[in-house]
Amino acid sequence: MIIRDSTIRSGILVSFLLSTDLTCQAQLSAFSQVRSHHIITVMSPSFHNEHGAKAIVDVLNNYSVAPQADSGNGSKHLQNAQWHIPAGTYTPRQIVQSCSPLLEAVLYHLGPDRPGEPARELLLGNLASNLRIDTRESTLRLPDVAGDAGRKEIANQAIKIGKTIVQYAREVKHPEFDKSLDIRSPCEGHLLNHAVVGLIFGPRSQRHLMQLYNEYLHQMVLLRDALLPFENYEEVIIPLSGKTGRNLGLRGTQQSRTAFIGELMTRSISQNSVFQVARSLLAPKLSSNGGYAFQYTHGSVLPALVAGGNSFRLLRYLPFKLDKTASEVLFDYEHEDYFSAPKSEIASEVSIQSPQSWSQEALRDLSSAELSSYSLAAEKSRDPERASISLLQLRLEFDNGVCAAVDLGQIARGKRYAYTASSSPGLQPSRTSSSLGFSVPSYLHSPIDILTKSGSGLAVSKRAGIHLIPTRDSIVKLALLGKIYPENTVILNPGQNPQVVEETGKSFSDSAKFVIYDQN
């Protein structure tokens, strides 16, 4: 069965439907060393538009798991004057609502406001200050982020999430609470501003109110930090166990939070660290060894780059399942370490000998094969040492019958490590000239050859210089990113003069530079 959609936004991933019939099934098996057990496929009459890095998300409703956050199915948040969050599934807003009885109990005992001392506003203001990254009361003070793109993105993410949580807290109206609420909340070192110190430790207060307010602050801080990996953090469906004690509310995330914040403070943040925070929140029983994507009971989490997002480091929650045969699945890279992955030398299709020997017509002819369909296959690894994980493979079929298969994890890697050519003031757009060339040895390759002649390994070349691969399809462009060894790959966008790639990426005299030229 095939989905057709004329409004598809080209990119990867994910307009899906189950399929057990692929025209290229036998041919594709030659590319794979794993056993396919679930295939989701899509077909479109057109892939040509400007959204090359966007995921295919418009058709997701046809294959959604329709997750519902039950907010504990109406279970009481208060038991014998002890607050907890009942077992269930929650959106971030619902978690904030579930924590509101702590704040409301504090406000009840503080009594009516006095002139110049609005308790709710002061307490929520302190929360806002705790969730900022530039105040005395900050719970996440990051080192200088100017020279570290990853740290800067996490800092911006923390600011956005903090503001959202405070907004949620302000919007909670008349929550149920128990005036006898009393809990033990270990001190977490969250600072209070001077006004709140006077309020919580002054004549309006009682000795147990600091415990309640401390727990409220800490749960909000834990929520902010647990959501840091997710580009679309407001949509995430979060399962909670309903445990108390050391795992009360979101306290079960503290170990992964500590590891993540430690790395964030001391070094450039790794993709694996971001992934492990997300996994520990939504699927803590899955293996913590490796992985770049996973499926859990209420959806799937993939790199934002291949799931409709814009971030090079964050993830996206999607409300569908990649594998209907399992509840939770860890998806790992086909090659755990791309540096040591098998590599395949590619032959040059055309050698460009002079700056005027390469015509735009030749490029169009070389990329003339059209993509007729593509699919995503969830597969179980046959490697005994990796039996607990699965792989995701993008499969493509062209109108000439040729098929290709690419590991989705490697596509995300390739996209993350690729350079994007920037416009140069001295060079005119390529469409003003019918023939172009480079000042260094240059080679022209068919995209289909790159995708099919490198087997399960990554394409490399011993020929130093520029290796140009023209394509008119954004799905093919992403597939190429997953097949080329990601050391020195440049993406050349439509309308740019190809000569700008000489100023982009690494310019070693003894190495190849692969240029994916999007002609669309």
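The values are calculated or read from the model by the stated rules, or taken from the named source; none is laboratory data. This is a predicted model, so every value here is computed, not measured. In this analysis, Cβ positions are derived from the backbone assuming ideal geometry, glycine residues included, and neighbour counts consider all displayed protein chains. In case anyone asks, the SASA skips ligands and DNA or RNA and just uses the protein heavy atoms, side chains included. Shrake-Rupley method; radii C 1.70, N 1.55, O 1.52, S 1.80 Å.
Quick notes on this one:
- Complete set of residues in segment 455-472 that are open to solvent by 10 Å² or more (accessible area, probe 1.4 Å), modelled with pLDDT under 90 and over 13 Å from SER442 (Cα atoms): GLY455, SER456, ARG472
- Qualifying residue in segment 372-379 (condition: open to solvent by 10 Å² or more (accessible area, probe 1.4 Å), part of a loop (DSSP other than H, G, I, E, B) and not aromatic (Phe, Trp, Tyr)): no
- Yes/no for GLU487 being in contact with a Phe, Trp or Tyr (Cβ under 9 Å, 6 or more places away or on another chain), over 26 Å from ALA405 (Cβ atoms) and open to solvent by 30 Å² or more (accessible area, probe 1.4 Å): no
- Selection of segment 137-155 for residues being of a type in the set (Lys, Arg) and either modelled with pLDDT of 95 or more or open to solvent by less than 80 Å² (accessible area, probe 1.4 Å) (or both) yields only ARG151.
- Looking across segment 156-204 at every residue that is modelled with pLDDT under 95 and acidic (Asp, Glu), the one that is most open to solvent (accessible area, probe 1.4 Å) is identified as GLU176.
- Enumeration of residues in segment 191-248 that are among the β-branched types (Val, Ile, Thr), closer than 17 Å to ARG132 by Cα and more than 35 Å from the chain's Cα centre (by Cα): VAL196
- Residue check, PRO441 open to solvent by 10 Å² or more (accessible area, probe 1.4 Å), under 30 Å from ALA283 (Cβ atoms) and at pLDDT below 90: no
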